[in-house]
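Notes follow once the structure below has been shown.
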Amino acid sequence: MFTMAPHAAFGYHTGPTPGGRGCCGERGVARSVEAAPRARTAVALVLLAVLYLYPAAIARALFGRLIPTSRQLRALVPDPGSLGMAIYALVMPILGLPVFLFAIVVFLVALDLISPETIPLATSPRSFSVAVWLFAHNLMEAMGIMTLGALYALVPRYTRSGKLYSPRLAAVAMVLYTMAAIPAFGHHLYSWVTNTPQVFQNVSRSTLWATGFIAASLTAFNVGLTVWRHGLRIDPAPLLMLEGFLLYLIDGFVALELSTPAWNLRLHGTLYATAHTMTILTAVLLVFLGVMYHYYPALRDRQLDIRMGFWHSGLSFLAALAMFFSLLIAGVAGLPRRAYPWLSGEGTYAVPLLLFGLIFALAQFVFLWNLLRSERAAAWAPGLAAD
C-alpha cells in the first residue's frame, strides 16, 4: 500500500505509482531535484497564505479583529453568507497547524539543518499523511461550506421575496456540516489496510456520510423551497450557483462510494477518484463565478452581456458534467491517476476528456471575452453607468 512520504510533497519522490508503473526516468529525477528548492518555497507560501494570511484577512473584514466576540458570533446566525466565511477563518488555522509544523521540520531536514531522526514523528510517512489529509480534506470541506454560504446568501436575491426560507436552518446545517467534516478525513487513509483501526474506519465513514446528507439534504430543502415558493429570476449568476450546487450533489454520491473501504481500495488509484476531486473543485468554481456575475455590476459600475453569460453557464455546466462521467468510466476501466504514459488502448479514454475539457475552456474564454468587452465599452464611454 502507498502513503504520502514527506519528501514527496517537496519534490523528491520518484518511486512507483499504484499499478506498478514508474513515474519518471533519470531525466525526470534530475529535474525533480533541481526544482526542489522552488517547490519547497511554493509549498511554504501556499500553506502560509491558505492557513493564516487569508483567514486573518477574512476575520478582519468580518469582525474588525482576528478573534471575534461572542456577540459577533451570534450575529452570524441570520447571515449564512458571512457564517460560511467565518467558519473557514476560525477552523482552518487550527486544523492546518499540524501540517504547518510538520512542513517546517521537513524544510529543516531538506536544508540539512537537522537530521530526520531528530523529530521522527514529523518525518514519518504515516504521521505526515495524517497531518496532510486532516488539512487537505477539511480545506475542501471549508471551500464547500463557503460556497454553500454564497448559495444561501445570493440565490434568494433573485426570488420575489429576496429572503431565504430559513436562515437558522442554514446556520444549523453549516455548523453540523463542519463538525461532521473534521473527522471524515480518515477515508483518505484506507490504503493502510493492515494498520487502520476498524473504529477509525467506522468513524470516518459515518461522519463522511453525515457531511453529505447534512450539507446536501438540508441545503437542497432550504434553497429548493425558497425557489419553489417565490420563483427565480433567470440570470447567469443564480444559474451558475445552482449548477455548481447540482454538480456538488451529483459528485456527493461518488464521495460516499469512495468512503466505503471496499470501493476505496478498488478505485482509489484510478481516475474515479480524480473525477471526485476535480468535480468538487469545478462545482466550487461555478459557484464563485456566479458570485462574480452578481457583484460585478456593483464593483465595476457596468453590466456583463447576459446572453454571453447564459452561453458561459450552460457550456460550463454541460462540459463539467460530461468530464465527470468520462472520468468515472475511465476509472472503472482501471486507468491510473498517477501514472503516464497509459498502456496501449487506454488512450481512447483521453478523447472525450480532451473534447469536453476544450469545451469547458471555451466557455471560460466566453466569460473572459465578456469581461474584456465590458471593460472596453466602459473605456470608450466612461460616463456610462450600469443599469
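When the dipole is taken about the Cα centre of region 259-387, and only Lys, Arg (+1) and Asp, Glu (-1) are charged at their Cβ, what size is it in debye, to the nearest 20?
On the way: 8 positive and 5 negative charges, 35 e Å.
In debye, rounded to 20, region 259-387 gives about 160.
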Cα→Cβ-extended label distance, 7 Å offset, between Leu113 and Phe325, nm | 5.3
Low-density loop trypsin sites (Lys or Arg not before Pro), region 204-268, at most 14 other Cβ within 10 Å, DSSP non-H/G/I/E/B, are Arg233
Sticking with the crude label model, points 7 Å out along Cα→Cβ, report the distance from Val172 to Leu53 in nm, one decimal please.
-> 4.0
Roughly speaking, what % of Cα-Cα pairs in region 215-354 are separated by over 20 Å, rounded to a whole number?
-> 55
For Thr270, distant residues with modelled amide H under 5 Å away = Arg337
Pairwise label distance in nanometres, Leu265 with Val46, each label 7 Å out on the Cα-Cβ vector | 3.0
Expressed in nm to one decimal, what extension gain is obtained for the pair Phe200 and Ile234 from 0.36 nm per residue of sequence separation less their Cα-Cα distance?
-> 7.7 nm
Dipole of region 259-387 (Lys/Arg Cβ +1, Asp/Glu Cβ -1, origin at the Cα centre): which of Ser326, Pro352, Trp342 lies farthest to the positive side?
-> Trp342
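Multiply the residue gap between Phe253 and Arg60 by 0.36 nm, knock off their C-alpha separation, and tell me the result in nm, one decimal place. Could the numbers behind the result be given before it?
On the way: separation 193, 0.36 × 193 = 69.48 nm, distance 3.66 nm.
Result for the pair: 65.8 nm of gain on full extension.
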Using alpha carbon centers only, region 123-138 is separated from region 237-263 by a whole-angstrom value of 24
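Values quoted throughout were computed directly from the atomic coordinates according to the rules given, and no laboratory measurement underlies them. These numbers were taken from a predicted model, which means no experiment stands behind them. Backbone-built Cβ (ideal geometry, glycine too); neighbour counts: all protein chains shown.
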